[in-house]
Structure formats: C-alpha cells, structure tokens
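Visitor: A single structure is presented below for examination.
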Amino acid sequence: MPATVYFASARGTSECNKFKRITMLLERVGLAGRFGPGDLVAVKAHWGEPGNADFIPSFFVRHVVEAVAKTGASPFLTDTNTLYRGRRHNAVENLRAAADNGFSLLTVGAPVMIADGLRGTDYRTVEVPNGRHVKSARIASAVADADGLVVISHVKGHVVFGFGGALKNLGMGAAAAAAKQFLHSDVRPRVKGSKCIACGACVGHCGFGAIRLAGGGPANDAAGARAGKAASESRGTSDRRRTVAVIDRDLCTGCGECIIVCPEHAIPIHWGNDFAATMEKSAEYALAAVDGKGRKVVYLNFLTSITPDCDCCDWSDAPIVPDIGYLASDDPVAVDQASLDLVNRFEGFPDRLSVAPSPDRFRAIHDVDSTPTLAHAQSLGLGRRDYRLVRVDE
C-alpha cells in the first residue's frame, strides 16, 4: 500500500488561514493519538544561520509546539551543533543564534535545547544492523532520549543532497556534531584554478584553516600574500603563476561550505558517487534517530520560501518557485518524495504567477541527483517512495 501524505495549499483565505491549514494537517496525521501525558517530544527544526532570512518562522513552529502540548505531552525545540565554525558551532553561540532569529522559550512556547550538548559530544550510540555504511550511529542525546519526534523541515536546495527535506533534516540534523565529520567524509572539494580570482571568500569562510591563497602573483589580502610567498619560497623558485585558492585535503572536513560561498563557482561539483555515499549515510542516521519511537514520529514539510541553498548559509537567495504549501505524514520517504514531485510539477497560480514545470528544479541548480537518499531510505525500510496525496483544505 502506498504511504499517505496530507497536503494543504500555501494560499490563505479569511475562512482558512495558514495556521488553520497546518492544524488540519496535524489532525489528519493523527497527532493527538501519537503523544500523551508524560511524553517528552523533541520538535526538530532548523532556526537558520544568522543572516539567512528564509528558514521557517518561529510563529509557525510555535503553532506546532502548541498542538503537541494540547496532547498532554511536553514538547521542546531542538537542533544540533554544526560541523563548520559558524554561529552554531557550540551550544552557547547556537542558542544565541536561535534567539537572534526569533526562537526562544518566550517566542515558541517551549524550552530550546541543543540536542548534542555544549560541544557536540553528547550523544547516544544506536546500532544500525542493516546499514551499508553505518553500523552504529552517534545520535544527539536529546533526540535519542525523547519519547517522540515532530520533524519540521524547510524544503530547499542543497549543494550536497540536491534538496533538503525531512530525511536531510533528521539524518544530518540529529547526528551529533562529533559524527558529522563521518557523514561528510566522502566529500572532498577541489579548486578549479582557471576560474579562481583569489578573492579570499573561501579562505575567510573556512573554519578549519584548510584553504589558503597561494601562487607567485599578488594576492588581494595579507594572508593570501603571505601564503603565496611561502609557497614560492618552499619551491625555491620565483614562480610567477597567479594566486589561486588551494585546499589542503588533510585539513578539509568535507562540509562543502566553500562551494556555496565562491562567487565565481571555481569549486565545482564533480565528485560523482561521493555525494551518494553521504546521502546514504544520512538515511541510515535518520533510521537510527527514530529507533524505538514507533508511531510517535510525525513529519511536517514546508514548501515555502524554496531557496536554492541550505538554511545553514548566512544569506538566502530568492526562492526558485512561489510558495506551494505544507505536507504532513508519518513516512519521511513519502513526504520527501511528494515534496520533490510538487516542486517539480508546480505551475504557480494562474491568477497571480505562472511558472513552467521542470523535470528536476534542484538538479538544474546544483547538478546533483537527489534520489539516492530516497532510494536508500526506502531500502532500509524507513518508508516508501510511492504515496497517495490527500488534500485537506478543500
């Protein structure tokens, strides 16, 4: 039997606003029958890197939190620390970033917790018996120890996954920061020297000191100039090649942030199956994240502000299509497959804005096949790609 995915349009009316539509979705997915008194429910969301403006707003998250609280359960909002050294690299700065973007006890109506502790080392080891890549996953303790989960995901593009939805949010997002290196270990970027202009954007953004500007020509910052001079001296020559960015593969963690920040697209995506391995690992981590929770897991995907890049970026570009709507299911594979299909097939609103459908909008942006995550999650028994879409707001 196909999985059931419930859908409500992003359009709002005086009779049925967006909050009511989300309530209808949660009612149809059976939220009230999944949680009850005594349950500690982790509401897993992404509150965005400061500078980003297109993450799911806190008032929508609060609406979901209040619906969970009405079941008698005790919800808390949570996310993990990041691998890269941005504003969310440790719990102190992560909580400050959450507050800066509007997420706190006062705004969402529930405690905000960093699931993997102060430095990303607070986790539970969960066995994955049928994992292809992962035999034991390091799942953030607040997710692993919770009685239930509500996974709220912003559907958008992603440089490694093609697009991010419930599986990406849960698999990568529930992994302790200490485990994210393993998840990214198959990704190793290289700079295309012919396109590099030595602007230093990647150097300044890399939190691991893995990138430097080097060569014989002038660099446009002091650090790059020193690196270029050192590189020339180490060769014992007066190398006059122009300065370019160089990535030290021993220091690189594979987080992929340099790909996104390069204004000249000089760090191209050309790693073939490497991305597929990362996707499959994340699917196995998603399976571990829901281990032991049974029916006490609900997935809510927002197909709004569908931007080209992840909410981890400290900026956000214009959406690739108008807002489509909201999806709810107890199947993470089905809800992501439905999200992908809706984004590709969406033709806009004839009375407002029309857009042409696309075979794969996200692949057109990042040239990444996003299906390995879905296919592997299905093979693990985490869910089904075939689904029945049920509209609840008509």
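Visitor: Counting only residues that are within 29 Å of Val261 (Cα to Cα) and among the aliphatic types (A, V, I, L, M), which one in region 49-76 is surrounded by the fewest Cβ atoms within 10 Å (Cβ to Cβ)?
Guide: The selected residue is Ala53.
Visitor: Further question: Could you say which residue among Gly120, Gly164, Gly148 is over 15 Å from Thr80 (Cβ atoms) and either surrounded by 22 or more Cβ atoms within 10 Å (Cβ to Cβ) or within 17 Å of the chain's Cα centre (by Cα) (or both)?
Guide: Testing whether each residue is over 15 Å from Thr80 (Cβ atoms) and either surrounded by 22 or more Cβ atoms within 10 Å (Cβ to Cβ) or within 17 Å of the chain's Cα centre (by Cα) (or both) leaves just Gly148.
Visitor: Does Ala8 satisfy being in contact (Cβ under 8 Å) with a residue 24 or more places away in the chain and more than 30 Å from Phe349 (Cβ to Cβ)?
Guide: So Ala8 fails the test.
Visitor: Here is a follow-up. I'd like the residue in region 87-109 that is in contact with a helix residue (DSSP H, G or I) (Cβ under 8 Å, 6 or more places away or on another chain) and in a loop (DSSP other than H, G, I, E, B) and, out of all such residues, is modelled with the lowest pLDDT.
Guide: His89
Visitor: Answer yes if at least one residue in region 246-257 is part of a loop (DSSP other than H, G, I, E, B), assigned by TED's automatic domain parsing to the domain that holds Asn169 and out of contact with any strand residue (DSSP E or B) (no Cβ under 9 Å at 6 or more places or on another chain), and no otherwise.
Guide: Among the residues of region 246-257, not one is part of a loop (DSSP other than H, G, I, E, B), assigned by TED's automatic domain parsing to the domain that holds Asn169 and out of contact with any strand residue (DSSP E or B) (no Cβ under 9 Å at 6 or more places or on another chain), which makes the answer no.
Visitor: Among Asp336, Asp274, Asp341, Asp317, which is the only one that is surrounded by 19 or more Cβ atoms within 10 Å (Cβ to Cβ) and either in the same structural domain as Gly157 (by TED's automatic domain parsing) or modelled with pLDDT under 95 (or both)?
Guide: Testing whether each residue is surrounded by 19 or more Cβ atoms within 10 Å (Cβ to Cβ) and either in the same structural domain as Gly157 (by TED's automatic domain parsing) or modelled with pLDDT under 95 (or both) leaves just Asp336.
Visitor: Out of (1) at pLDDT 90 or above; (2) assigned to a loop (DSSP other than H, G, I, E, B); (3) touching a helix residue (DSSP H, G or I) at 6+ places or on another chain (Cβ under 7 Å), the odd one out for Arg212 is which?
Guide: (2)
Visitor: Another question, then. Scan region 110-123 and tell me whether some residue there is in the same structural domain as Asp341 (by TED's automatic domain parsing), at pLDDT below 95 and small (Gly, Ala, Ser).
Guide: Yes: region 110-123 contains one or more residues that are in the same structural domain as Asp341 (by TED's automatic domain parsing), at pLDDT below 95 and small (Gly, Ala, Ser).
Visitor: In addition: Where residues in region 135-164 are modelled with pLDDT under 95 and aliphatic (A, V, I, L, M), which of them is farthest from Pro322 (Cα to Cα)?
Guide: Here the answer is Val160.
The values are calculated or read from the model by the stated rules, or taken from the named source; none is laboratory data. Nothing here was measured: the structure is a model prediction, and the numbers come from that model. In this analysis, Cβ positions are derived from the backbone assuming ideal geometry, glycine residues included, and neighbour counts consider all displayed protein chains.
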